[in-house]
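So the structure is just underneath, and the comments pick up after that.
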Amino acid sequence: MTDETPRTPKITQAMIAAYDEYTHLTLDRRGFMAKLTALAGSATAAAAIAPLIGASKASAQIVDPQDERVTTMWAQFPAAGAEMKAYVAKPADAAGPLPGVLVIHENRGLNAHIQDVARRLALEGFVAVAPDFLSIDGGTPPDEDKAREMIGALDSAKTVESAVAARQWSASDAGTSGKVGAVGFCWGGGLVNSLAVADPELGAGVAYYGRQPDAADVAKIKAPMLLHYAGLDERINAGIDAYKAALEAAGVEHEIVVHEGVNHAFNNDTSAARYDKAAADSAWETTVAFLKEHLGGG
C-alpha cells in the first residue's frame, strides 16, 4: 500500500531568487518557468511550485470587504493631469476626523490584497486611501503580468506627482484630520521613499522592502521614516547602507528594521512561499505604532 498524501514541493532560495528576477527585472515568464523547471527537476514540479511562490488570489482576506466595522468607498480625484481612482476605507464608527494613510500597492497594482491592507488600517483607526497608480491607463488589470508591464511603463516623475496629489487630496477631501502618512510595499515602498523626497507635507513614511532614493535627494525628506527590509532580499538591501548614511547626515528621523531570514514580500500573505507570519506581524505592530505616534490617533 502506498502513501497517496500530496506532498508540498520543496522550494529553495534559488527558486525564490528566480521569481524575484522575473517579477522585478526581466518580466519574462517563459524564461522564469524554464529556470524553475531546471531547478525543480521537471516541468510538473515547476508548475506546482510557481503558484506557491507567486500570489494567490484565492487566499483568505483578513478583513472581509463586508465587515460592518469598516466603511469603504471608491473615490476619484485629479492627479498629474489625469483622474486617479482610489479605494478608501475608514472605521464605521468614526466620530470625527482621523489621521490618513496612503496605501501604495506593489507592482501588481491595486488588487484585492492591497484593498485588504487598507481595511486593516481602517480597523487601526485611520482613513486609508489606496490609490490605483494605473488609473491613467484604465486601472489595474486582472492579469498580474500585464499589471507589472504597465507599472514598468509609467513615467517616474508623473507617478511621484500623482502620489503628492493623492496625499493632498487625502488631507483635504477624504475626511482626515489633515495629517497624512504613507505605507508602501515593494514598488510602493520605493514610491513612499520618492514621495517623502518630493512632499515636505508628508506626515510619516513606512516603506516595506522599497527601492531607496538617490542619496543626494535624501536631505529633502522632512517626514520621519520607518524602513522595513527582508534579510534575504539582496537586490533591495544593496542600497541600505547608502540610504542610512544619507538619512543620518541629513538628520532625518528614521528607523531601519531588517527582518532576518525572510524574503522580499514577506508581508504579503497571499504568497505561500515568501510570506512569513512572525516577521509580518512584528512589522505590522511596529508600523501601526509608528503611524499613530507621528500622525495621531489612539
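Here ILE49 meets each of (1) over 19 Å from the mean Cα position of the chain (by Cα); (2) surrounded by 16 or more Cβ atoms within 10 Å (Cβ to Cβ); (3) in the same structural domain as ALA280 (by TED's automatic domain parsing); (4) not in a loop (DSSP other than H, G, I, E, B) with one exception, condition (3). Screening GLN76 with (1) under 18 Å from the mean Cα position of the chain (by Cα); (2) at pLDDT 95 or above; (3) more than 22 Å from LYS292 (Cβ to Cβ) gives one miss only, at (1).
Residues of the stretch 177-190 that are touching a Leu at 6+ places or on another chain (Cβ under 9 Å), of a type outside the set (Gly, Ala, Ser) and crowded, with 24+ Cβ neighbours inside 10 Å: VAL180, VAL183. If you check VAL88 against the conditions, is it closer than 19 Å to VAL197 by Cα and modelled with pLDDT of 95 or more? Criteria not met by VAL88.
Output yes when any residue across the stretch 269-279 is in a helix (DSSP H, G or I), β-branched (Val, Ile, Thr) and under 19 Å from the mean Cα position of the chain (by Cα), and no when none is. For the stretch 269-279, residues in a helix (DSSP H, G or I), β-branched (Val, Ile, Thr) and under 19 Å from the mean Cα position of the chain (by Cα): absent.
The values are calculated or read from the model by the stated rules, or taken from the named source; none is laboratory data. Quick caveat: nothing in here was measured; it's all calculated off a predicted structure. Reconstructed Cβ throughout: ideal geometry from the backbone, glycine too, with neighbour counts over all protein chains shown.
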